[in-house]
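The values are calculated or read from the model by the stated rules, or taken from the named source; none is laboratory data. Predicted, not measured: the structure shown is a model, and the values here were computed from it. So basically every Cβ, Gly included, is an ideal-geometry build from the backbone, and we count neighbours across all protein chains shown. Surface accessibility is based on the protein's heavy atoms, side chains included, excluding ligands, DNA and RNA. Shrake-Rupley method; radii C 1.70, N 1.55, O 1.52, S 1.80 Å.
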Amino acid sequence: MLAEELLELTIKKGVSDVEVYQVQSHSRPISFEANRLKQIESSQTTGIALRLWHNGCQGLAVAYGDFNPDDLISKALAISELNDPEEPLLNDNNKLIYPNAIIDEPNINNLISQGKNAIAIITDKYPEVITNVEIEWETETTTLINSRGLYCLQTDNSYSASLGIELVTEDDFLGIYDGEYSHDVIDLHRMINSVLQRLQWAEKNTSVNNGKIPILFTPNAVTTLWETISEALNGKRIFDKSSPWCESQGKKVVSSCLSLSQQPNLPPYNCPFDDEGTITQYLNLIKEGILNSFYTDKQTAQKLSITNTGNGFRPSLGSYATPDLINLVIEKGNLSQEKLIKNIEDGIIIDQILGEGADISGDFSFNIDLGYRVKKGEIIGRIKDTMLAGNVYQALEKVESVGNDLTWSGSCYTPSIVIDELSLISG
């Protein structure tokens, strides 16, 4: 059953406030494990979420594949009876249609050849390395409609790939990982070169002393810090006063080296509307260290008595929309990563972090999964059994330089940064 049919049927049953959210996807994933082709799949899925207000109370029910529409409506009505009354926050009559050009299903043999070639290049230089590759083509269509005339449609076509290598010895384990996402065909060569470079840096192990030392976070690692900052900018956190920046709008909160914005039109993660049917927008979040704005969904904006920024997204099909950022962009600096390294007299590079990042308080203590020691501007080897401790907000006040090596890490577009000093604990 299509979204339009479910909407019409629900209205006929006497429910006046209704929203239907439908996601249809078709994917072709290919996976290589331990240097060999493991699996080729083809998957087509459809999920649909029905949200309604009955007697002013909200109910949400979800179905996948074939389903009985009467049962789904009954389930949503039953759930609504368990909730308190609230104002239906639905967008009014509007059409937002973004049917991206359909990409033909790829030639599977070409994708297999790319995977085999990547493994061959890596194992030719490092025969003892175990290589895992995943390549996936996917087309996904999202439809959002409601009883007030809203009609949103977006078709997204993408390729994604991940490349991971593992090197196991009697007393050591080394794992290095990279990934790519694109609307076009993926070229694995950037990922291959990146992994080989980091493998070369990790050929020797070295030690580091306890104490405070300059830290270079690569784009892969620094995302952990931006996740905490994103939470601090969340309108929900501002409303319930759990963010340390509740009273900081217009004030300096991080180093003047840093400017952060949301740019929803930037490919490949471009997103024209949120999961509530609100048009997304450019947000100037932090400019040269000064906090300018927060982000909200409809409900949070109403509570804060501010204009909705169009950041209401569902963590899953069966979840209610909640504020979330898309395409967080950190403004680049003037120095290449190579130059940033050259400028470090005695410090370390962090490339992969093990475990969770900081909570909203900003305090963190995590293990460095992949890091390197720098002496006099040269990488001298990999560091092991080392922990980093500090506070995200305090650390970002000490950023002394920002690279120009903007790289996508998920939907965060970030360069490397160098923090003046953080505390290291070496085992």
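Summarising the amide proton neighbourhood of residue 156: residues at separation of 5 or more, or on other chains, whose placed amide H is nearer than 5 Å comprise 140, 141, 142. Think of a 1.4 Å ball rolled over the protein heavy atoms: the stretch 106-252 then has 46 Å² of accessible area per residue. The spread of Cα positions in the stretch 239-284, taken along each principal axis and listed from longest to shortest, comes to 30, 29, 14 Å. Rounded to whole Å, the principal axis extents of the Cα atoms in the chain read 73, 56, 35, largest first.
In the chain, the portion of solvent-accessible area held by carbon and sulfur atoms comes to 45 percent [1.4 Å probe, whole percent, DNA, RNA and ligands not counted].
Taking the longest Cα principal axis of the chain as reference, the axis of helix 219-232 is set at about 40 degrees.
Placing pseudo-labels 7 Å out from each Cα toward the beta carbon at residue 302 and residue 55 gives an inter-label distance of 2.0 nm. For residue 128, the solvent-accessible surface with a 1.4 Å probe is about 110 Å², rounded to the nearest 10.
With +1 assigned to the C-beta of every Lys and Arg and -1 to the C-beta of every Asp and Glu, and no other charges, what is the dipole magnitude of the stretch 266-365 about the Cα centre in debye, to the nearest 20?
Details: 7 positive and 14 negative charges, 80 e Å.
For this selection, approximately 380 debye.
Using a simple spin-label model with pseudo-atoms 7 Å out from Cα toward Cβ, residue 83 and residue 123 lie 5.3 nm apart. Residue 190 contributes about 100 Å² of solvent-accessible surface, heavy atoms of the protein only, 1.4 Å probe.
Accessible area ranking (1.4 Å probe, heavy atoms, ligands and nucleic acids excluded), largest first, for 420, 66, 17: 66, 420, 17.
Potential lengthening of the chain between residue 287 and residue 148 amounts to 46.3 nm, from the contour at 0.36 nm per residue minus the alpha-carbon distance. Heavy-atom accessible surface of residue 54, to the nearest 10 Å², is about 70 Å², with a 1.4 Å probe and all protein chains retained.
In terms of Cα to Cα distance under 21 Å, which lysines are near enough to residue 204, apart from those fewer than 8 places away along the same chain? Within reach: 125, 342, 375, 376, 384. The separation of the stretch 116-184 from the stretch 283-319, counted between C-alpha centres, amounts to 29 Å.
Residue ranking by accessible heavy-atom surface, 1.4 Å probe, largest first, among 36, 148, 198 comes out as 36, 148, 198.
With 21 Å as the cut-off, how large is the P(r) tail for the stretch 1-134, expressed as percent of Cα-Cα pairs?
Working: 5325 of 8911 pairs.
For the stretch 1-134, the share of Cα pairs beyond 21 Å comes to 60 percent.
For the peptides 334-344, 260-270, the ranking by packing is 260-270, 334-344, with the highest mean count of neighbouring Cβ atoms within 10 Å listed first.
Start at zero, step by 5 Å, and the Cα-Cα distances of the stretch 316-427 spread as 2, 10, 16, 22, 23, 14, 6, 3, 2, 1, 0 percent across the bins. Backbone N atoms of the stretch 133-149 closer than 17 Å to the 7 Å Cα→Cβ label point of residue 110 belong to residues 135-139.
Rank 126, 372 by accessible area, highest first, at a 1.4 Å probe radius?
On the way: 126 35, 372 0 Å².
Per-residue accessible area, sorted high to low, gives 126, 372.
Here's the picture: a label point sits 7 Å out from the Cα of residue 167 along the beta-carbon direction, and within the stretch 193-223 the residues with their amide nitrogen under 16 Å of it are 193-207.
If you wrap the Cα atoms of the stretch 60-174 in a convex hull and average its projected area over all directions, you get 13.9 nm². Kirkwood radius, the stretch 213-258, all distinct C-alpha pairs, inverse of mean reciprocal distance: 12.1 Å. How large is ³J(HN,Hα) for each residue in the stretch 183-196, as worked out from phi by the Karplus curve 6.51 cos²θ - 1.76 cosθ + 1.60 (θ = phi - 60°), to whole Hz, x for Gly and Pro? Ordered by residue, 3J(HN,Hα) equals 7, 10, 5, 7, 9, 6, 5, 4, 5, 4, 4, 5, 5, 5 Hz.
Over the stretch 1-41, the reciprocal of the mean inverse Cα-Cα separation, the Kirkwood hydrodynamic radius, stands at 13.7 Å. Just going by the charge dipole of the chain, with Lys and Arg at +1 and Asp and Glu at -1 on Cβ, which of 106, 21, 312 is farthest out on the positive end? After comparing all options, I get 312.
My understanding is that a pair violates if its Cα-Cα distance is over 21 Å; which of 251/298; 339/398; 251/303; 95/298 do that in this structure? Intermediate results must be reported in sequence, preceding the final value.
Values: 251/298 26 Å; 339/398 19 Å; 251/303 23 Å; 95/298 18 Å.
Checking Cα-Cα distances, 251/298; 251/303 exceed 21 Å.
When you restrict to C-alpha pairs under 8 Å that are six or more residues apart and normalise by the size of the chain, the relative contact order lands at 14 percent. Once the Cα atoms are used to define both axes, helix 69-80 deviates from the longest principal axis of the chain by about 80 degrees.
Here the label points at residue 380 and residue 339, each 7 Å from Cα along the C-beta direction, are separated by 2.6 nm in the simple model.
Accessible surface for the stretch 29-95, divided over its residues, is 58 Å² per residue with a 1.4 Å probe. Projecting the Cα positions of 267, 194, 422 onto the charge dipole of the chain (unit charges on Cβ atoms of Lys, Arg, Asp and Glu, taken about the Cα centre) puts 422 furthest along the positive direction.
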